[in-house]
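The values are calculated or read from the model by the stated rules, or taken from the named source; none is laboratory data. Small disclaimer: the values here were computed from a predicted structure and weren't measured. Here the Cβ is made from the backbone with ideal geometry for all residues, glycine too, and neighbour counts use every protein chain on show.
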Amino acid sequence: MKAKLLISAMLIFAAIATQAQTLGEFKPKDQSYGMGKLKGKNRIYISGFQVNFQVYNEKEKFKQGGSMLGGGMKGDALTGISVGLEGLDEKTVQEITDQLYQDYIGKLKAKGMTIIPADEAGKIEAYEGFTRMNGGKISVAEIPGVLTCTPSGFDYYVKGLDKDGKEKKGGFLGNEAMKFPRLSKELNDAVIGNVDITVLFVSDKEAFQGNGAKLKIKTNLRLVDSEGVTMTNDSKIKFKGSNTVTMVTSQVAFYHGKMGAGSTSAYVGTLGKPLAINGVVDESTVTSYAAGSRDALGTKTLYGTMYSVTDGNTQNAKIITVDPAKYKDGVYKAAKQFLDFHTDEFLKAI
């Protein structure tokens, strides 16, 4: 009897743990045209497949001091905040990425599509001077505070790397999609596939500033639609409180053919709103506030009134521990739902 009760309790606990990792509302959307021209197209070249995992975020806020309304002086205020995930390792994010890629190519092959290898693609004129990259590696240069992962065994081409190691994708004015029509044409009218999925865990929140500088962020694990990642500017020469903003998205895209500078057919699948991944990262709000001292009266001297103020400077850091197994399960489910939906929608036209 005791053994049966123990087993029952374990099953209940497992069920509760599984239910705790739930997804929010899934709201896909897409932009597509020329889908009727895709019938019978059974060759596809995957130009890119990457999954981005945010593991760290930091930012600053600066408020200039000086004269106060009604008289007196106040000091400058500089505050900073940082949040990091602990427990998430490279093995976990690589396994998520590899499984998603296998799901993706599995659907394509099941539909009868032939995947064009990197060896064949590397011979076309459009990739002349490009660098072949090997997948199965993790880069920290693409998006600040983010691990960018490519699938094991997946090779692809980039125009080059900048001084920080960030990949140059190519395309007119850096717009990668502008190179896809040419790729399709030179690969004998093949479909071009491109996948970019981003998972963030930090959301910026508006905070009343008062008389100082204040930052407020909240943990919120999600598959993004399209938003900017704000991160402290690490340039050697910068203004106080300067941050950079890097735009990120989640997108499953397919392009085909060439007509002028554009494609004859395209399907770009995205999200209408972020897809929440609940029960993985503990909910937490982190704030940081700094205010310079104030001197309203000053000290009168022969040379006028002298004010004495000091600048305020604070930093707040928080480490959030995550269970890698829970993270893997929740993030994979969200990314798979997104990837499967848009891949299936596109394949209806083939």
Restricting to strands (runs of 3 or more DSSP E) lying wholly in the stretch 77-194: which have 2 or more residues that are surrounded by fewer than 16 Cβ atoms within 10 Å (Cβ to Cβ) and without any contact (Cβ under 8 Å) to a residue 60 or more places away in the chain? 131-134
Working carefully through the options Q64, Q19, Q50, find the one that is surrounded by 12 or more Cβ atoms within 10 Å (Cβ to Cβ), closer than 30 Å to K318 by Cα and at pLDDT below 95. Q64
Per the filter on the stretch 118-152, residues among the small types (G, A, S) and closer than 29 Å to L88 by Cα are G135, G136, S139, A141, G145, S152
Wholly within the stretch 255-350, strands (runs of 3 or more DSSP E) carrying at least 1 residues that are modelled with pLDDT of 95 or more and surrounded by 14 or more Cβ atoms within 10 Å (Cβ to Cβ): 265-271
When the stretch 166-198 is examined, which residues are found to be small (G, A, S), touching a strand residue (DSSP E or B) at 6+ places or on another chain (Cβ under 8 Å) and closer than 23 Å to E227 by Cα? G170, G174, A177, G193
